[in-house]
Each structure stands twice: as C-alpha cells, then as structure tokens.
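Peer 1: Following this message is one structure expressed as structure tokens.
The values are calculated or read from the model by the stated rules, or taken from the named source; none is laboratory data. Bear in mind the structure is a predicted one, so any value in this text is a computation, not a measurement. Ideal geometry is used to build each Cβ from the backbone, glycine not excepted, and the neighbour counts take in all protein chains shown.
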C-alpha cells in the first residue's frame, strides 16, 4: 500500500513546525517533527550526563529512548513517558541537538524511528533532511526558509511572551552559527531537494504559507 508523504525542510525558526501541524490537521495525516526527535535525545543525554564526545554512549541512549508524539493544537512530546515539551524549545536543548545531529552514527539510529512514522492515510514530515535523506521518494516537498534576522526576531518574541529572559543579538548569532553548522556538516547537511517548492516566509503570514503548501498537494 502506497502512503503519501509531504516533506517540509528548512532552517530553524522558519515556521516549519507551525505550518506542518496545520497542514497535517487539515489533511488528516500523521505528523513527524524530526527536530523534536533530536531535541528529545538531547534532553535524554542531559538526564544521563553523557559526554557529548562519547559517540558510542550517545548511540546507546538513542537506541533505548521511547518517544510519543501527541499532536493536538500544540505538539506534546513524551520521553520515556515524561512530558518534556516545555524543555524542547530551550536554546541549550537546541544547541546540543544541533551538535549530535551532525554525528553519522546517531543519525543512522534515529533514521528508522523517523521512517516508522509513515503510516496511512499519509504523513507530513518536518525537518532538515526529510526530502533529501529520510523520505527522498516523497511526492510533495517544500523548502521553507526566512532571513536569519526575521527568524531571530520571531524566536525573541516567543521567549519574551513566555517570560523567558532573551537577548536578540545573541539569538541572531546562535541562529547564524546553527545555520552554518547545519549546512556544512558531512552527514545529511541542510539542503533543498532539487524537486522541492521554495518558500521564503520572511514577509508572509502563516496562513499564506499554509495555502501555498496545500496548493502544491492539490
């Protein structure tokens, strides 16, 4: 049985998660936030105090961690039964996730976990390499981006609204550094699939982006 897949790739803060969840809900499809898988592993590593230089130990933690995704109005992620959603968006979590995502052995372990989300009636997969590595055979692919300045501004507003202390200059610098690391890494670097629809959301509303994506599928 053929199960359709829509991939939405792009850099951190481009709005992939929000757009993907809305599209998945409208289509009635399953949803995969691949970034949450890496961020969940980052939290698991923090809990076990594993040295980030010890790749074999990181792989062991990745193999045994159990993840659950509950996709309602907001995404709820559970790690070994514990709700870790509030920790996923922390800068410290994102920093570790970006580092471990560059490790080929770790990516191999988590690849199958991601592909297992391909279930009927369809899947919307959001990440960095969904259309290039995880689901290269997907019929519909999108590359969603925005300027680093705009993404930093959005992230800053999110943190301030949650009453989390934030520095816009520091966030901008971290986003630019993460972009560089994600694009230069040897294992599945951030890149646009040749058959993907390119969308720059810098000056677009979420609704406008969602409409463009739905039009692609139609």
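Peer 1: Give the residues of region 180-193 that are surrounded by fewer than 16 Cβ atoms within 10 Å (Cβ to Cβ) and either within 29 Å of residue 211 (Cα to Cα) or in contact with a strand residue (DSSP E or B) (Cβ under 8 Å, 6 or more places away or on another chain) (or both), sorted by residue number.
Peer 2: Result: 183, 189.
Peer 1: Take the conditions modelled with pLDDT of 95 or more and surrounded by 16 or more Cβ atoms within 10 Å (Cβ to Cβ) and apply them to residue 196. Does it pass?
Peer 2: yes
Peer 1: Which one is surrounded by the most Cβ atoms within 10 Å (Cβ to Cβ) among residues in region 14-48 that are out of contact with any strand residue (DSSP E or B) (no Cβ under 7 Å at 6 or more places or on another chain) and more than 30 Å from residue 150 (Cβ to Cβ)?
Peer 2: Ranking the candidates gives 45 first.
Peer 1: Moving on. Looking only at residues in region 95-128 that are surrounded by 21 or more Cβ atoms within 10 Å (Cβ to Cβ) and modelled with pLDDT under 90, which one is farthest from residue 13 (Cα to Cα)?
Peer 2: Looking at residues that are surrounded by 21 or more Cβ atoms within 10 Å (Cβ to Cβ) and modelled with pLDDT under 90, I get 101.
Peer 1: Could I ask something else about it? Among the candidates 139, 161, 177, which residue alone is surrounded by fewer than 18 Cβ atoms within 10 Å (Cβ to Cβ) and in contact (Cβ under 8 Å) with a residue 24 or more places away in the chain?
Peer 2: On inspection, the qualifying residue turns out to be 139.
Peer 1: A follow-up question, please. Inside region 49-62, can you point out the residues that are surrounded by 10 or more Cβ atoms within 10 Å (Cβ to Cβ) and assigned to a helix (DSSP H, G or I)?
Peer 2: Within region 49-62, 55, 57, 58, 59, 60, 61, 62 meet the criteria.
Peer 1: Turning to a different aspect of this structure: Going through 28, 35 one at a time, which residue ends up being within 30 Å of residue 215 (Cα to Cα) and under 14 Å from the mean Cα position of the chain (by Cα)?
Peer 2: After applying the criteria, what remains is 35.
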